[in-house]
Amino acid sequence: MKRNTIWDCLITGGIVIIGLAETVHLAGLFGKLPFGVCSLLLGGLVFAGILSGAGLLLIRRRILAEAFRENREKKLPPDKRERFLWAVFVLLLFSQLAFLWFGEGSYRQKDMTVETAASFLASDGIYRVNPMTGMPFTEGMPLRLKILCLPTLYAGVCRLTGLHPDLVIRTIVPTLILLGCYMGFASLAGCLFPDKEGSSSRDRRVCFLTVVALLLWVGAYRYGMDGFNILCCGWRGVSIRNGVILPWMFSLCLRKKRFSVILCILAEACMVWTLYGCGICLLAAAGMAAVRIFGRKRSGTVKVNA
């Protein structure tokens with residue numbers, strides 16, 4: 001599974017958008033740019049990124065065509081067990097989507113993301129007024145918190161589309177994060193259960209995703225659990241990191257895709273308020289590298305002794 005998958009491309013695209021939003025956020029914050037200008041700049045950069053990604057895929061279309069042809073030739077028809085697992089997974093997924101769109105499960109205690117995005121739009125600037133009072137800031141806020149880009153990204157989407165911040169942040173973004181969560185775990189499942197010669201592990205991968213879906217529902221009952229973060233406050237940086245970036249990063253470590261691992265670490269620094277940006281992704285990547293190095297040394301010692 002060293003070849004990039006469609007999930008790799010989609011999640012990488014999301015991380016690139018976060019990076020572009022961080023660039024625009026810093027330019028607007030320290031350059032005192034009007035938020036209307038920031039929104040247009042963000043939209044232009046994202047559009048240019050999409051065109052670049054599409055061009056890259058067109059350049060590599062022969063490679064992709066060969067890969068899809070190989071997959072079609074090797075693909076076996078699903079058996080009853082696999083069809084049953086797919087049915088259960090799809091049912092769980094649609095129930096979670098219905099919960100996001102029609103339920104009242106959003107948890108916003110001590111969270112001001114909607115108010116912050118609305119203040120950017122109302123004041124036509126980044127952190128010019130206090131989102132709780134509507135008055136200019138009289139006290140500074142920590143720089144590490146101030147440079148996080150998600151409020152600018154969400155407010156930029158609202159400005160470009162005309163949608164209300166409440167709809168974007170509490171419904172649309174959590175929907176995308178839920179789908180991204182399953183993309184990340186699908187990549188991890190592909191690494192944990194690769195196809196072997198003469199046999200397929202699709203049923204194991206589908207079973208893995210079904211278990212993940214069940215665990216998200218089970219974890220939705222308590223604040224701080226990953227299921228709660230994804231289903232009740234999926235717009236937060238912690239939710240994106242735990243639900244999307246971490247499982248995908250583990251699959252990247254298993255496939256030795258170091259550049260993409262660095263992107264994960266940088267994405268967390270742009271979204272989550274951790275000590276100087278050195279957060280869980282960096283620690284997890286360092287732990288995976290240490291395990292790999294230790295395992296390599298140990299296997300070498302066993303061979304020498306043998």
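The values are calculated or read from the model by the stated rules, or taken from the named source; none is laboratory data. All of these numbers come straight from a predicted model, not from anything done at the bench. Every residue, glycine as well, gets a Cβ built from its backbone with ideal geometry; the counts of neighbours run over all protein chains shown. Remember, those area values only see protein heavy atoms, side chains included, never the ligands or the DNA or RNA. Shrake-Rupley method; radii C 1.70, N 1.55, O 1.52, S 1.80 Å.
Among the residues of segment 207-227, is any of a type in the set (S, T, N, Q) and farther than 14 Å from Leu179 by Cα? The answer is no, given that none of the residues of segment 207-227 is of a type in the set (S, T, N, Q) and farther than 14 Å from Leu179 by Cα.
Residues that are of a type in the set (D, E, K, R) and open to solvent by 60 Å² or more (accessible area, probe 1.4 Å) were ranked within segment 124-145; the one that is modelled with the highest pLDDT is Arg128. For segment 9-39, a tally of residues being under 19 Å from Leu163 (Cβ atoms) and of a type in the set (Ser, Thr, Tyr) returns 1. Select from segment 1-54 the residues that are among the hydrophobic types (A, V, I, L, M, F, W, C) and closer than 30 Å to Ser201 by Cα and list them in ascending order. Selection gives Met1, Ile6, Trp7, Cys9, Leu10, Ile11, Ile15. Met135 satisfies every condition listed in (1) under 17 Å from Val24 (Cβ atoms); (2) in contact with a strand residue (DSSP E or B) (Cβ under 8 Å, 6 or more places away or on another chain) except (1). Pairing each residue of segment 1-13 that is surrounded by fewer than 17 Cβ atoms within 10 Å (Cβ to Cβ) and in a helix (DSSP H, G or I) with any residue that is among the aliphatic types (A, V, I, L, M) and modelled with pLDDT under 75, provided the two are 6+ apart or on different chains, yields C-beta distances under 9 Å for Cys9/Leu57.
For segment 192-203, a residue qualifies if it is among the acidic types (Asp, Glu) and either exposed (fewer than 13 other Cβ atoms within 10 Å of the Cβ) or on the phi > 0 side of the Ramachandran plot (or both), and exactly one does: Glu197.
Yes or no, residue by residue, for (1) under 22 Å from the mean Cα position of the chain (by Cα); (2) within 30 Å of Pro78 (Cα to Cα); (3) surrounded by 17 or more Cβ atoms within 10 Å (Cβ to Cβ):
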{"residue": "Leu100", "(1), (2), (3)": "yes, no, yes"}
{"residue": "Ala155", "(1), (2), (3)": "yes, no, yes"}
{"residue": "Leu167", "(1), (2), (3)": "yes, no, no"}
{"residue": "Val173", "(1), (2), (3)": "yes, no, yes"}
{"residue": "Leu179", "(1), (2), (3)": "yes, yes, no"}
{"residue": "Ser187", "(1), (2), (3)": "yes, yes, yes"}
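Among the residues making up segment 14-47, those that are farther than 17 Å from Ile126 by Cβ and open to solvent by 50 Å² or more (accessible area, probe 1.4 Å) are Val16, Ile17, Phe47. Among residues of segment 113-123 being of a type in the set (A, V, I, L, M, F, W, C) and over 11 Å from Asp166 (Cα atoms), the one that is least open to solvent (accessible area, probe 1.4 Å) is Phe120.
Within segment 232-276, being among the aromatic types (Phe, Trp, Tyr), part of a helix (DSSP H, G or I) and out of contact with any Cys (no Cβ under 9 Å at 6 or more places or on another chain) holds for Phe259, Tyr276.
Rundown of residues vs (1) crowded, with 24+ Cβ neighbours inside 10 Å; (2) farther than 30 Å from Asp166 by Cβ; (3) in contact (Cβ under 8 Å) with a residue 12 or more places away in the chain, yes/no style:
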site	(1), (2), (3)
Arg205	no, yes, yes
Leu215	no, no, yes
Ala220	no, no, yes
Asp226	no, no, yes
Val238	no, no, yes
Val244	yes, no, yes
Leu254	no, yes, yes
Val261	no, yes, yes
Trp273	no, no, yes
